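Here is the structure we will look at.
Derivation of every value follows stated rules applied to the coordinates shown; laboratory data play no part. These numbers come from a predicted model, not from an experiment. Methodologically, a virtual Cβ is constructed for each residue, glycine included, from the backbone with ideal geometry; neighbour enumeration extends over all protein chains shown.
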């Protein structure tokens, strides 16, 4: 079965914040979202409810749109059924056994956040290998459209890198495009 994946979560609705007295309707942007408000406005409560909803989720995977208990997710585009996600948590995370992480990445993994970033880098490396394999397969099949399809695969990878560079542009940081790591 083929699923149509979302590009992002368009809207989050929480129907029973504070025992149903304060429903939340948060329309999200596809790029960056900021949750702000005065002390006591409920910022932490909103985030806690979302984290509570995500507590049972694996660190990476897919999430179906629609109503889940008192939290509803609207996906974009409208016909999307699932959204891919990666949870990066800096608090309330299980601590990994030191001997398990000490052997990874030449001892560069010291904290839980280091471990999560390491795993995300591994997924990025897998993505690069998969794009490369797809391009090789397209070019070796010899069809009339193989070059165009391989160029489209390369363009998607370039677009991803451009998006990351744009995200960090204000910091002066950018991806080293000759490296396989982020």
Under the rule a/c < 1.5 gives rounded, and otherwise a/b versus b/c splits prolate from oblate, where does segment 98-171 land using the Cα gyration tensor? oblate
Ranked output for segments 3-13, 23-33 by mean other Cβ atoms within 10 Å, highest leading, reads 3-13, 23-33
